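Student: Dumping the structure here so I can ask a few things about it.
Each value in this text was obtained by applying a stated rule to the coordinates, not by laboratory testing. Please read these numbers as outputs of a predicted model, since none were measured by experiment.
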Amino acid sequence: MNTLEKEAFIKAYSTNVAAVADDDVRAFLDCVDSGEDVEYSNDYTSIMDALGMWHEAINFFLSSKV
């Protein structure tokens, strides 16, 4: 993810889920981007679920553009 997309995801996550502090979400995204194995706690599971939905929404949007 580029920086702009990360910040958009963090804003969407904090607005709609808000279970984890923005800095923790940012750190999680940095770990995922670097290919690190992320230890999945309850908080990180919710971020990973939201991230999956985020990518699916982007894919749906891009595939439906004419």
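Student: Does anyone have the angle between helix 42-64 and the longest principal axis of the chain? Alpha-carbon axes, 0 to 90°, nearest 10?
Tutor: With rounding to tens, the tilt is 10 degrees.
Student: Where does the chain land at 222 nm, in deg cm²/dmol rounded to the nearest 500, when only DSSP H runs of n ≥ 4 count, each adding -39500 (n - 2.57), divided by all residues?
Tutor: -25500 deg cm²/dmol
Student: Here's another thing I want to ask about it. So how tilted is helix 22-34 from the main axis of the chain? Cα-based, degrees 0 to 90, rounded to 10.
Tutor: Around 70 degrees separate the two axes.
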